[in-house]
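Right, one structure below, let's go through it.
Readers should treat all values here as calculations from the given coordinates under stated rules, not as data from a laboratory. Just so you know, these numbers come straight off a predicted model, no measurement behind them. Here the Cβ positions follow ideal geometry from the backbone for every residue, glycine too, while neighbour counts run over all protein chains shown.
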Amino acid sequence: MRIALTGGIASGKTTAADELRRLGVPVIDYDQLSRDVVAPGTPGFEAVKQAFGPSVLAKDGSLDRAILAQIVFKSPDARQFLEAIVHPLVFQAADRADAAAVAAGHDFVVHEIPLLVETMDPSAFDGVIVVEAPAWLRGRRLVNERGMTMEQANQRLTAQASDVDRAAVADFIWDGSGTPEALRAQVRDWVDLMKETAG
């Protein structure tokens, strides 16, 4: 089974994904794949450099993700252009990772996809998990834990799908507004349920 894990930025997805991994569930991290496919020397890197120019390069020659983020969060056209380069490469890498997990004998594989609703068809998965937390709390986390300004936090929050849109595609909803341990407990309960179903 292919399960998608999504949620708004700073909702608790990373905590949930880390607990899934700790429990032995394979998790394919699309954010990590999006970095991997544009690493120096890859076709994705060359395509982004060609599209956006040398201003998006860091001193070490890699992509400066902060500068690139400033560009794409201010321009929907630039964001769509970047996504047209990166997303197909990410999807191909995810398919390879999924096939490897299945070949290794796993009954279900979790795809951690922050922008599932925005960029993919949720019905392509056998189930969708949404981690929820109110926007005001996610904004506070972005400022307090990630060092963003309120303007930067709001740009990221408004660039994503609404809570209503995510909830509409959810088969399971985990509450990420409480403590990390409360969220981890929900993950453990879900894994137990999935193992019973698979058994």
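Remarks
- Taking a straight Cα-Cα cut-off under 26 Å and skipping sequence neighbours fewer than 8 places away in the same chain, the lysines within cross-link reach of Lys195 are Lys13.
- Relative contact order, percent, the range 113-175 [alpha-carbon distance under 8 Å, six or more residues apart]: 54 percent
- Prolate/oblate/rounded call for the chain, Cα gyration tensor, a/c under 1.5 rounded: oblate
- Gyration tensor (alpha-carbon) shape descriptor, the range 110-197, a/c threshold 1.5: oblate
- Here's the list of lysines a cross-link from Lys59 could span, going by alpha-carbon distance under 20 Å and ignoring same-chain residues fewer than 8 apart: Lys49.
- Degrees, to the nearest 10: 180-198 long Cα axis against longest axis of the chain: 60 degrees
- Exposure proxy order (Cβ contacts within 10 Å, fewest to most) of Ser34, Ser162: Ser162, Ser34
- Degrees, to the nearest 10: 76-103 long Cα axis against longest axis of the chain: 40 degrees
- 0 to 90° range, to nearest 10: angle between helix 43-52 axis and the chain longest Cα axis: 50 degrees
- MRE, 222 nm, helices only [DSSP H, n ≥ 4, -39500 (n - 2.57), over the chain, to nearest 500]: -17500 deg cm²/dmol
- Looking at the chain, the DSSP beta bridges with both ends there are about 5 percent antiparallel.
- Anisotropy class of the range 1-80 from Cα gyration tensor, a/c 1.5 cut: prolate
- Its relative contact order, with pairs defined as Cα atoms under 8 Å and 6+ residues apart, puts the chain at 37 percent.
- Cα centroid of the range 136-199 to Cα centroid of the range 13-72, whole Å: 21 Å
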